[in-house]
Amino acid sequence: MINTKKGIIVLLTLMFLLLMAIPACGQTQLDYNGKGYNNSSGIVLQNGASFFSTGAIANMLGCDVVIEGNTVTLQENNDVLILEVGSKVAFLNGVEKQMSAAPLLVENQVLVPIRFVFESFGATVSWNDLEKKILVNYTETRNGMNAEELIVKSSEKMIEANTYKMFMDMVMNMDMSGQENGEPVEGLQVNTHSNVECWVQYDPLLMYMVQNVEMPGNDQIPAQTLQTEILIKDNAMYMTMPEMGWVKMDMPGLDMEELMSQSMSLDPAAYLKMWGDMGILASIANDSEKDGQNYWIVNYTMGKEILESDYFQQIIQSMSTLGTAEGMDLQSLLNSLDFDLYSSTWINPNTLQTDYMDITGTIKMNIDMSNQGIPGNMSINMFMDGSYSISDYGIEFEVPDVSSAVDFSNMTTQL
């Protein structure tokens with residue numbers, strides 16, 4: 001399985017770049033404001049009632065959720081709803097309400113009745129019998145703008161500044177297991193803590209990242225700190241590799257600048273269409289304060305649908321040359337990929353610029369090793385939790401000289 005690691009690193013690096021660029025799959029069972037909502041936990045049906053996890057409800061409504069024992073408290077702006085697992089009695093702003101179904105506890109996860117919770121906070125809920133879908137509509141605004149419009153406006157402000165600096169702090173836990181020749185291989189667990197400094201320029205496109213990864217070590221891997229630099233310049237990606245220095249990864253046919261302009265388009269209609277095509281669902285969360293400053297917060301959710309979008313497929317088609325060099329089929333790798341990612345964007349009401357972001361989620365992959373001549377498979381389960389801070393709007397920055405970078409295609413046999 002060692003020869004597969006480089007391909008995995010390329011894929012995960014690609015996913016990370018997509019997350020920097022853009023601020024369980026099956027039949028859709030719930031539409032939220034006209035968009036399908038899918039997550040790994042899914043909808044649970046019991047005795048004619050539909051239940052969703054409190055986490056899914058929080059992502060859609062943008063409400064705060066606190067669970068203490070069997071008591072669940074949801075707060076959406078000034079409204080407070082209190083539920084009890086196993087009880088059909090609820091309290092909305094202190095007023096007793098009766099539910100047709102009681103919250104459930106399934107595999108240590110609290111599930112709440114969808115219709116009752118959404119309607120308690122003013123959403124409309126209906127059922128499309130033809131398509132077997134629950135339809136939920138709920139719109140919240142800040143200064144007359146809904147969640148998508150707030151993101152568009154903040155993106156416009158970032159493009160007007162043209163440059164900014166981003167600092168990211170992220171914890172990532174990864175479990176790897178698999179089989180070779182029908183026999184299980186020893187599993188590998190990797191826990192990392194990463195700090196990333198990233199400088200971005202829109203016109204002309206320039207992105208420079210310095211990533212420090214701390215690995216505490218275990219019985220299989222010694223403790224170590226790895227530093228990687230990534231530069232996107234002149235429609236090529238450069239990356240430093242241990243003992244090799246800068247490596248150039250050409251991406252023929254891929255116009256990174258065009259993709260970046262799509263992801264931060266000044267045309268609101270085009271921007272919102274892209275979000276819809278990528279299956280990104282946005283909602284306004286409760287306002288919050290940080291360092292004495294009040295913020296508007298937009299939550300958004302990304303699932304596997306993003307991989308099927310034209311935006312992502314353009315990148316995969318270009319990256320396929322790297323996969324071929326590795327003896328890996330990146331498209332097959334992506335087909336095995338499943339993830340739930342949740343992010344919060346903190347927008348300053350005074351400047352409409354994004355000052356902070358938070359992201360959490362899970363990523364799962366199942367890799368067929370036969371295309372590398374190894375009869376077996378490898379499974380990867382990852383959990384990530386990170387925070388971003390954004391500053392230095394409009395300030396120019398310098399990037400390293402990569403004129404002596406080694407071409408990736410000439411060095412694959414060395415790795």
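The values are calculated or read from the model by the stated rules, or taken from the named source; none is laboratory data. Since the structure is predicted, the reported quantities are computational estimates derived from the model, not experimental observations. Neighbour counts run over all protein chains shown; Cβ positions are idealised from the backbone, glycine included.
For this structure, a couple of remarks:
- Residue among Met158, Met170 that is assigned to a strand (DSSP E or B) and within 24 Å of the chain's Cα centre (by Cα): Met170
- Answer residue from segment 40-62, given it is in contact with a helix residue (DSSP H, G or I) (Cβ under 7 Å, 6 or more places away or on another chain) and modelled with pLDDT of 85 or more and is surrounded by the most Cβ atoms within 10 Å (Cβ to Cβ) among those: Phe52
- Every condition in (1) among the small types (Gly, Ala, Ser); (2) surrounded by 15 or more Cβ atoms within 10 Å (Cβ to Cβ); (3) assigned by TED's automatic domain parsing to the domain that holds Val66 is met by Ser177 except one, and the failing one is (3).
- The set of residues in segment 85-113 being charged (D, E, K, R) and either in a strand (DSSP E or B) or surrounded by 12 or more Cβ atoms within 10 Å (Cβ to Cβ) (or both) consists of Lys88, Glu96, Lys97.
- Some residue of segment 126-141 being under 30 Å from Thr351 (Cα atoms) and not in a loop (DSSP other than H, G, I, E, B): yes
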